[in-house]
Amino acid sequence: MNDALWNPVQVGRLQLGHRLAMAPMTRGRATADGVPTELNAQYYVQRASLGLVISEGTQPSPDGQGYLLTPGIYTDEQTAGWRRTADAVHAAGAHLFVQLMHVGRMAHPDNTPHARQPVAPSAVRPEASMFTAAGPLPVPEPRALSTAEVRATVEDFRRAAGRAVAAGADGVEIHGANGYLVHQFLSSNANVREDEYGGSLEGRARFAVEVARAVAQEIGADRTGFRVSPGNPLHDMVEEDTRATYEDLTRRLAELDLAYLHVLHLGDDDLLGALRQLWPNKLIVNRAGRPREELGSDVASGIADIASVGSFALANPDLVERLRTGAPLNAPDPSKFYGGTGEGYTDYPSLTAA
């Protein structure tokens, strides 16, 4: 593995000891009220050697929830739960960014606290199903947000970011990827609006930029990250012109001087190179399906400042030590990715335990 991974790096106001970070991963182990628990704190603490720990997607409002047992950051109880988690992560020597995720149309009323119809840029139903307590069910047609409601949703993100930092988090990452609300606004098939939040590239990017600006105003640009997944068709997403969309968005976000841009890279190296040229601050790259021996390649080449890791971190609480020493890795168990107890969550063995 390339030695470039082990060089320190400054990200916003954080000084990190190496170039690895933990990618956000939904795990479905909060309470039914969206409160992070001691078990969640234990999970993140186990992975503290990664330095920058980016949390699972966390809903900024009741309308932002789509899945069972995902955490929120809009009530006092949820905020207190994140305070316990942040304090524990800091005591273990790491930094915590809370990822703010509004799922938009990727929701089912059975999974939400108010049992309402999902909301989205437009009333366009995705060809998708969702797991509920009654089993997999088709995702229903969403209700289109009014222009006033779009602006109110921007404020939901602002308040959630303030709560996250008040809870002790070092910053937040805005989830603009993987077919959720911010990505839905960018998508030409999910967003058929005729107001200022639709139509042109600028219109479809407006919501993303307004959310990022609001969050940066609330907690500081140097505490704010933004995640994208150019060309990702997950959850029935279609992008009319992926390169133009993400070059335009990156230029607009760059003006806000955010701490980092986090790219889920699905193989378009030309686009990734273009984003690298356009982005002035730190670039985190999560390259899907990377083998272990290539984890440091993007950092070594200069295309990325940091490499984020998902399933490797999920299954190996001591991933950094294993990578440094060349020790074998635990294999993740997909059957226990979502929901449940500590099994498949906090019981992956460390080298010491093994």
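Derivation of every value follows stated rules applied to the coordinates shown; laboratory data play no part. All figures in this text were calculated on a predicted structure; none of them were measured in a lab. Every residue, glycine among them, receives a Cβ derived from its backbone with ideal geometry; neighbour counts consider all protein chains shown.
Cβ neighbours within 10 Å, averaged per peptide: list 45-53, 85-93 in order, most packed at the top.
Top of the packing list down: 45-53, 85-93.
Which residue, Ala86, Gly171, Ala123, has the largest displacement toward the positive end of the dipole of the range 3-336 when charges sit on each Cβ (Lys, Arg +1; Asp, Glu -1)?
Ala86
Report, by chain and number, residues whose modeled amide H sits under 5 Å from the one on Ala23, excluding near sequence neighbours (fewer than 5 apart, same chain).
Here Val309, Gly310 satisfy the definition.
Using Stokes-Einstein with the Kirkwood hydrodynamic radius over Cα pairs, what translational diffusion coefficient do you get for the range 17-159 at 25 °C and a viscosity of 0.890 mPa s, in µm²/s rounded to a whole number?
154 µm²/s
Starting with the highest mean, order 315-322, 164-171, 102-109 by the number of other Cβ atoms within 10 Å, averaged over the residues of each peptide.
102-109, 164-171, 315-322
Radius of gyration and Dmax for the range 55-111's Cα atoms, expressed in Å?
Here Rg and the maximum Cα pair distance are 12.4, 39 Å.
Run through every distinct alpha carbon pair of the range 245-354 and return the Kirkwood hydrodynamic radius in angstroms, one decimal place.
It is 15.8 Å.
Relative to the Cα centre, what is the charge dipole magnitude of the chain, using +1 at the beta carbon of each Lys and Arg, -1 at the beta carbon of each Asp and Glu, and rounding to the nearest 20 debye?
That gives the chain a dipole magnitude of about 480 debye.
Once the dipole of the range 265-348 is set up with Lys and Arg at +1 and Asp and Glu at -1 on Cβ about the Cα centre, which of Ala288, Ala300, Pro317 lies farthest towards its positive end?
Positive-end residue among those listed: Ala300.
Pulled fully out, how much extra length does the chain show between Ala123 and Ser335, if you take 0.36 nm times their separation in residues and subtract their Cα-Cα distance?
The span from Ala123 to Ser335 would gain 73.0 nm if fully extended.
Which of Gln10, Leu39, Leu271 sits closest to the plus end of the dipole of the range 3-336, meaning its Cα is farthest towards the positive end, when Lys and Arg get +1 and Asp and Glu get -1 on the C-beta?
Checked the options; the winner is Leu39.
Hey, in the GNM for the chain with a 10 angstrom Cα cutoff, which one of Leu181, Leu256, Leu68 fluctuates hardest?
Residue with maximal mean-square fluctuation among Leu181, Leu256, Leu68: Leu256.
If eta is 1.567 mPa s and T is 4 °C, what Stokes-Einstein diffusion coefficient results for the chain, Kirkwood Rh from Cα pairs, in µm²/s?
My calculation gives 64 µm²/s for D.
Taking the Cα centre of each part, how many Å lie between the range 65-106 and the range 137-193?
Using only Cα atoms, the two centres lie 15 Å from each other.
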